[in-house]
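Asker: This is the structure I want to talk about, given as structure tokens.
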Amino acid sequence: MNNENNNTLKSFEELGISGQLLKATLAAGYTDPKPIQEQAIPAQLEGRDILGVAQTGSGKTAAFALPILSKIIALGSKRKPKTTRALVLVPTRELAVQIDETFRLLAKGAHISTALVLGGVSRFSQVKKIQPGVDVIIATPGRLMDLVKARDVYLSDTTWLVLDEADRMLDMGFINDVKRIAKETHAARQTALFSATMPAEIEQLAQSLLRAPVRVEVAPQSTTAAEITQSVVLARTKQKRQILSKMLADPDMSSVIVFSRTKHGADRITRDLERDGFEAAVIHGNKSQNARQKALNGFKDGTVRILVATDIAARGIDVPGISHVVNFDLPDEAESYVHRIGRTGRNGASGVAVTLCDPSENSKLRTVERIIRMKLPVSADHLGEADPQREPRAPGQPAAANDDAQPRGARSPQQRKPNGGKPNGGRPKWKADGDRPAGDRAHSDKPAGAKPDGRKPFRGKRRGFGGKRAPARAA
């Protein structure tokens, strides 16, 4: 082994990682410990609770996975049925899958069992895997709460609890489930809470769940990685499709995530990209877990260059080599911007983040700039350009059926009146019977229901229909 590997081995040994776990860590490509790992791992190995504040992509998954795995390996392989020794709660399915992969990678060769508990997939298979007992469960709160209520899993022996992306769980309304789940765990559990931001609600949650925690903060809250080049393109919503297609024609955009604010918007962007000749996959909350995982796998292995996603992918994707992040829409929550662009520029690599901003999104842009403590440079301004979806008409060419001959602001006051300023609600006023269209009863002199010969319709009551009752037949 060369000197570089010896230095790395010694560095991880100083953190307290040893044996098979240390070998698996090096084999997985974890070389020098990240700042959050250097601060969090020794404290957790000592049994201390952790309150971690770190930006996305800072290496916090390994920061809590390595000490948990180290202690589980020391306990041996004996487990009770329907129990788990460690529990990791996360807000999204994608993040759960990512953390499960990290646990299995770091524990390779150590006979550690893990189980995913999340919605969108077979509940039966999850219950079956937990039945003999597992070492680690990585779960979303909703599905886990269902299994706890059904007594398919017992958390009384769970002595390690991790809450990852706690602020996101707060935003998604999971905090009450998190509190209920925490009550089910062992009274002497060790807890780690990690969050990219620390609003007052998360501070209160930490105070209720953690005991004398060690606070670990490796970067200012809501800051972005210095390796990410950020910029803004000013464009109206109708221009964004054309601008995005021109951007994606650049071969330097080798692996791109396009973020949409809504699920329907993500589907529309994907359809437009396919019409423009680009192959793209889409991932959002309305997709089944199998469809989401298929799209994510295609993006990871490089068979799909463009992934269109909502904010559920802002924290659950750890794909090396993402070159660009494009914000097709600005998020409703400014903090989500930090997590979106954090998908690129990971592990010291460089990345590019471009935001397409309509004038109606200016207030959101200002909020983002306050959160990240910097003003985003404007790389292009398309606001003065013509609408790309409207073809210019040659002189003398008749207007199309859906083409406005005049802009909205150029209409006369008479045209802007209700019903175009026409009397009688815009209905035609016929001057003579000869001008009246056939069958036009609204302007007819005949009573409603008149017969062709002018006779009035029958207005009386018929027997059996409200008139006099017919005499009873003789028996």
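No value in this document is a laboratory result; all are computed from the given coordinates. Bear in mind the structure is a predicted one, so any value in this text is a computation, not a measurement. No Cβ is skipped: glycine too gets one built from the backbone with ideal geometry, and neighbour counts run over all protein chains shown.
Asker: For His324, His382, His111, what ranking results if the residue with the fewest other Cβ atoms within 10 Å of its Cβ goes first? Don't jump to the answer; show the numbers that get you there.
Answerer: Details: His324 23, His382 16, His111 12.
Arranged by neighbour count, lowest to highest, His324, His382, His111 become His111, His382, His324.
Asker: Read phi for every residue in region 292-297 and hand back ³J(HN,Hα) as whole Hz from Karplus 6.51 cos²θ - 1.76 cosθ + 1.60, θ = phi - 60°, with x for Gly and Pro.
Answerer: For region 292-297, the Karplus curve yields 5, 5, 5, 5, 5, 5 Hz.
Asker: Could I have the simple spin-label model distance between Asn176 and Ser125, label points 7 Å from Cα toward Cβ, reported in nm to one decimal?
Answerer: 3.1
Asker: Related question: Taking amide hydrogens as modeled 1.01 Å from N in the peptide plane, which residues meet the under 5 Å criterion relative to Thr197, leaving out close sequence neighbours?
Answerer: Here the answer is Asp167, since their amide H atoms fall under 5 Å of that of Thr197.
Asker: Let me ask another. Taking the beta-carbon count within 10 Å as an exposure proxy, list Lys300, Lys375 from fewest neighbours to most.
Answerer: On the way: Lys300 16, Lys375 11.
By the 10 Å Cβ count, ascending: Lys375, Lys300.
Asker: Any idea how far the Cα center of region 171-207 sits from the one of region 17-56, in Å?
Answerer: Rounded to whole Å, the Cα centres lie 21 Å apart.
Asker: Among the aspartates and glutamates, which fall within straight-line cross-link reach of Lys82, defined as a Cα-Cα distance under 19 Å, with same-chain neighbours fewer than 8 residues apart omitted?
Answerer: Leaving aside aspartates and glutamates fewer than 8 places away in the same chain, those within reach of Lys82 are Asp100, Asp135, Asp146, Asp152, Asp157, Glu184.
Asker: Okay, moving on. Here are some pairs, Lys238/Lys375; Lys80/Lys300; Lys34/Lys246; Lys80/Lys263; Lys78/Lys287; which of them have Cα atoms lying more than 30 Å apart in this structure?
Answerer: On the way: Lys238/Lys375 25 Å; Lys80/Lys300 36 Å; Lys34/Lys246 38 Å; Lys80/Lys263 42 Å; Lys78/Lys287 38 Å.
Pairs exceeding the cut-off: Lys80/Lys300; Lys34/Lys246; Lys80/Lys263; Lys78/Lys287.
Asker: When the Karplus curve 6.51 cos²θ - 1.76 cosθ + 1.60 is applied with θ = phi - 60°, which whole-Hz ³J(HN,Hα) does each residue of region 161-177 get, with x for Gly and Pro?
Answerer: Once θ is set to phi - 60°, the couplings for region 161-177 become 10, 10, 10, 9, 6, 4, 5, 5, 5, 5, 4, 8, x, 8, 4, 5, 5 Hz.
Asker: Taking the alpha-carbon set of region 228-381, what are its Rg and Dmax in Å?
Answerer: In Å, with Rg to one decimal and Dmax whole: 14.3, 40.
Asker: For a quick check: with amide H placed at 1.01 Å from N, whose amide H comes under 5 Å from Thr229's, ignoring anything fewer than 5 positions away on the same chain?
Answerer: Gly351, Val352, Ala353
Asker: Still on this structure: Please work out whether region 3-217 counts as rounded, prolate or oblate from its C-alpha gyration tensor, where a ≥ b ≥ c are the square roots of the eigenvalues and a/c under 1.5 means rounded, while otherwise a/b larger than b/c means prolate and anything else oblate? Mind showing how you got there, number by number?
Answerer: Working: a/c = 1.72, a/b = 1.24, b/c = 1.38.
Oblate is the answer for region 3-217, as a/c is 1.5 or above yet b/c matches or exceeds a/b.
Asker: Can you compute the label reach from Asp267? Point 7 Å from Cα along the Cβ direction, backbone N cut-off under 16 Å, restricted to region 286-307.
Answerer: Correct set: 286-289, 291-292.
Asker: How high is the relative contact order of region 228-381, in percent, counting Cα pairs under 8 Å that sit 6 or more residues apart? It would help to have the intermediate numbers written out before the result.
Answerer: Numbers: 274 pairs, mean separation 54.6, N = 154.
Computed value for region 228-381: 35 percent relative contact order.
Asker: Return a whole-number percent for the relative contact order of region 61-155, with Cα pairs under 8 Å and 6 or more residues apart as the contact set.
Answerer: Details: 137 pairs, mean separation 36.8, N = 95.
Normalised by residue count, the contact order of region 61-155 is 39 percent.
Asker: Using a 10 Å cut-off around each Cβ, can you sort Thr31, Thr61 from fewest to most neighbouring Cβ atoms?
Answerer: Numbers: Thr31 14, Thr61 23.
Listed from fewest to most nearby Cβ atoms, that is Thr31, Thr61.
Asker: Also, quick follow-up: Enumerate the amide H contacts of Val258 below 5 Å, restricted to partners 5 or more residues apart or on another chain; note that Pro and chain-start residues carry no placed amide H.
Answerer: Residues meeting the amide H criterion: Leu307, Val308, Ala309, Val326.
Asker: Sticking with this structure for a sec: May I ask for the distance between the Cα centers of region 287-352 and region 249-284, given as a whole number of Å?
Answerer: Region 287-352 and region 249-284 have Cα centres separated by 11 Å.
Asker: May I pose another question? In whole Hz and in residue order, list the ³J(HN,Hα) couplings for region 42-47 that follow from phi through the Karplus curve 6.51 cos²θ - 1.76 cosθ + 1.60, θ = phi - 60°; x for Gly and Pro.
Answerer: For region 42-47, the Karplus-derived couplings read x, 5, 6, 5, 7, x Hz, x marking Gly and Pro.
Asker: Any chance you could get the radius of gyration and Dmax over the Cα atoms of region 58-168, in Å?
Answerer: Over region 58-168's Cα set, Rg and Dmax evaluate to 12.9, 37 Å.
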